[in-house]
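Take a look at the structure below.
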Amino acid sequence: MSELQYLDIASANLSGSIPRQLSNLTKLQSLFLFRNQLTGLVPREFSRILHLTNLDLSDNLISGPIPESFAELKNLRLLSLMYNEMNGTVPEGIVELPSLDTLFIWNNFFTGSLPRNLGRNSKLRWLDVSTNSFNGSIPPDICAGDLSRNRFTGGIPSDISQASKLQYFNVSNNPELGGVIPAQTWPLPFLQNFCASSCNISGNLPPFGSCKSILVVELQMNNMSGAVPKSISNCQALAMINLASNQLIGHILEQLASLTALGIVDLSSNNFSGSIPAEFGESSSLVLLNVSFNDISGAIPSEKVLQSMGRSAYVGNPELCGALLKSCSGSMAILGSKGTGKLRLVLLLCAGVVILIAASIFWLIYLCKRRKGQWKMDSFIGLPRFTANDVLRSFNSTDSMEELPQLSAAVCKAELPTGITVLVKKIEWEPKRMKIVSEFITQMGMQGTGI
C-alpha cells in the first residue's frame, strides 16, 4: 500500500471523518474522495504526501479551514474542495503553489479577502471561488475564474486587458462591486464568457472593437446607460447577450440581427425606442428576443420566429402593436413595424404639398388684384419717329384725312408724311397747354411708343 499512487473512492457512500492514516501513502499522486458524506476537518497531515498532484474532496460535509500546511504540496495541480461547509480564509501559501492549475472552492463559507497575488500565478487556469462570502477588491492580474456570488467591492480590475489568456470571467451577483466595464475588455483574444450581472456597474458599454472570440455577454441588472455600440457587429461568434434591467437608450440595432450565431437577446426593462428591426425575422438561430418594458413602437414584424416569442417578450411597450398585443391601426398594418415613422413621413410630405399649393393660390390672387386698375403699356419696337407737327399737318391735308363714322366723330384716320396710316383721336386743349401736349406727343414719337 505504501507504493500506491492512485486512490479513487468517490461516490462510495463513505461517512465519518477522513482517515489521517491516508497521509502514510507518501507515493500517492491522486486522491479522489468526492461525493460522499465525509465530515470533520481536512487532515493537515496530507502535507506529507509530497508527490500529491490531484486532491478532490468536493461534495461532502467537510468543515473547517484549508490547512496552512498545504503550502508544502509543491506538486499539487488540482485542489477541489467545492460543495462543503468549510470556512476561514484562503492561505497565502496556497496561491503560491508553483504547479497549481485548478482551484475549486466554491459553495462554502469562506470569508475575508482573496490573496493579492492570486492572479500572479501564471499557471492557474481554472479558478472558482463563487458562492462564498469573500469581500474586498478583486485581486489584480486575475486571469481566470468565477468570482460570482460574493461581496467584492472596488470594481472590475482596470488591468484585466493584460490577462491575455482569459477565457471565462464571472463576477455576477456582487451587488457592491460597482465601477465600470474596462475599456479594453472585449478585445481579449481568448475571452468567451463575460458575466457581470447584478454588480451595480454604471457607465457606458465600451466599444467592442475586435471581439471575435466572445460567445456570451451578461450584464443584466446594473445601472449602465448610453447606447449599444454599433461595433457589436464585430462579435460574429456572439450567441447570447443579456442587457436587461439597465438604463440603456437608443434604437434596437439592426447590427444585432446580422449576427448569424446569435440565439438569445434580452433587452427588457431599459429605455430603448423605435421599432423592432424586421431583420430579426430572417434569423435562423434566434430563440429569444425579449424587448418588454421599453418604449418600442410600431408593429411586431410578421415573421414566424418573432411571432413565436410569446406575449411576455413584448409587453410593457404602450406604442407596440401586433397579433400578440393590441391590434394595429390600418396604416400601421400596411406600413409594417416601421409604420409610425413612415406614417409621420407621409403626413409631413402631404402637409408640405398642401402648404405649397395654398401659397401658390394666394400668390396668384395677389398678382391679379395688383394688376386691376393699371394701364397696360405695350411697346411697339420699330414704329417710325414722328413729331406733333407731323400729326397736325395731317389734319390740314384733305387727302390724308378720312372720317370714320362707325367709330366716333372724334376719331379720324390720317396719313403721316412718313407714309404710315394711323387713327387719331381729337382732344380739345386750352391754348396755354398746347406747348406741353406738343412736347409730350413729340416725346412719344421719338421713343416709338404708342398707347
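The values are calculated or read from the model by the stated rules, or taken from the named source; none is laboratory data. A quick note: this is a predicted structure, and the numbers were derived from the prediction, not measured. Every residue, glycine as well, gets a Cβ built from its backbone with ideal geometry; the counts of neighbours run over all protein chains shown. Ligands, DNA and RNA are excluded from the accessible area calculation, which covers all protein heavy atoms including side chains. Shrake-Rupley method; radii C 1.70, N 1.55, O 1.52, S 1.80 Å.
Here's the picture: a label point sits 7 Å out from the Cα of ALA10 along the beta-carbon direction, and within region 44-80 the residues with their amide nitrogen under 20 Å of it are 52-63, 76-80. Comparing Cα centroids, region 12-39 and region 240-306 end up 52 angstrom apart. Using 1/(1 + (r/R0)^6) with R0 = 60 angstrom and r between the beta carbons of SER225 and GLU3, what's the FRET efficiency to the nearest 0.05? It comes out at approximately 0.40. On the basis of the beta-carbon distance and an R0 of 45 Å, GLN184 and ASP295 show a calculated FRET efficiency of 0.90. At a 1.4 Å probe, what is the % contribution of carbon and sulfur to the accessible area of region 7-101? Answer for region 7-101: carbon and sulfur cover 47 percent of the accessible area. Largest first, the extents of the alpha carbon coordinates of region 123-263 on the three principal axes equal 41, 32, 24 Å.
One decimal place: the segment ASN135-GLN307 gains 57.4 nm when fully extended, by the rule 0.36 nm per residue minus the C-alpha distance. Remark: the SER63-SER17 segment gains 15.5 nm on full extension, using 0.36 nm per residue and subtracting the alpha carbon distance.
For region 134-180, chymotrypsin sites (Phe, Trp or Tyr not before Pro) are listed when DSSP marks them as loop and at most 10 other Cβ atoms sit within 10 Å of their Cβ; the list is empty.
Compared with the alpha-carbon gap, the fully stretched path from THR111 to SER285 is longer by 58.4 nm at 0.36 nm per residue. By the gyration tensor of its Cα atoms, with a ≥ b ≥ c the square roots of the eigenvalues, what is the shape of region 7-126: rounded for a/c under 1.5, prolate for a/b over b/c, or oblate? Taking the square roots of the gyration eigenvalues as a ≥ b ≥ c, region 7-126 is oblate. Taking all protein chains into account, the per residue accessible area for region 1-108 stands at 48 Å² (1.4 Å probe). The Cβ shell under 14 Å around LEU79 holds other residues with a net charge of -2, Lys and Arg each +1, Asp and Glu each -1. Cross-link check: pairs LYS74/LYS212; LYS123/LYS212; LYS27/LYS123 evaluated at a Cα-Cα cut-off of 27 Å; pairs beyond the cut-off: LYS74/LYS212. The phi-based Karplus calculation (6.51 cos²θ - 1.76 cosθ + 1.60; θ = phi - 60°) puts the 3J(HN,Hα) values of region 67-84 at x, 4, 5, 5, 5, 7, 7, 5, 9, 5, 10, 10, 10, 10, 10, 5, 6, 9 Hz, whole numbers, x for Gly and Pro. Compute the label zone of TRP126 within region 72-110: residues whose backbone N is under 19 Å from the point 7 Å along Cα-to-Cβ. Correct set: 75-84, 95-108.
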